[in-house]
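Undergrad: Take this structure first; my questions come after.
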Amino acid sequence: MTENESLLKNRTEHGPEQSQGAARPAWAITSLASVLIFTTVVDVLGNLLVIVSVLRNRKLRNAGKKLKRERERETETNRENAELIIHVSYPEK
């Protein structure tokens, strides 16, 4: 065996015994997989319902614009409140 092969072999082996942790029982793997698959299916169906609702109802298409205006108003109000607190806390001399 050449020197390069022995270095490669030393890098890939971790010792005489490789512990891989405790194996899970088959029922646990099956139940976890079932929960994951069920959750994924429900999420996809829910998203499809939202897409269909937005496509069928025109009022839902403009909800983003309305929310944007409300956020801008809230941001302006928060900025004004912060300025008021600063002016009250640090009065000008």
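Undergrad: Of all residues in the stretch 42-60, which are basic (Lys, Arg) and at pLDDT 90 or above?
TA: Residue satisfying the conditions is 56 alone.
Undergrad: I would also like to ask the following. When the stretch 38-93 is examined, which residues are found to be among the polar types (S, T, N, Q), within 29 Å of the chain's Cα centre (by Cα) and open to solvent by less than 90 Å² (accessible area, probe 1.4 Å)?
TA: If the condition is that a residue be among the polar types (S, T, N, Q), within 29 Å of the chain's Cα centre (by Cα) and open to solvent by less than 90 Å² (accessible area, probe 1.4 Å), then 39, 40, 53, 57, 62, 75 are the ones that fit.
The values are calculated or read from the model by the stated rules, or taken from the named source; none is laboratory data. Worth saying up front: this structure is predicted, and the values here are computed from it rather than measured. We work out accessible area using only protein heavy atoms, side chains counted, and drop any ligands, DNA or RNA first. Shrake-Rupley method; radii C 1.70, N 1.55, O 1.52, S 1.80 Å.
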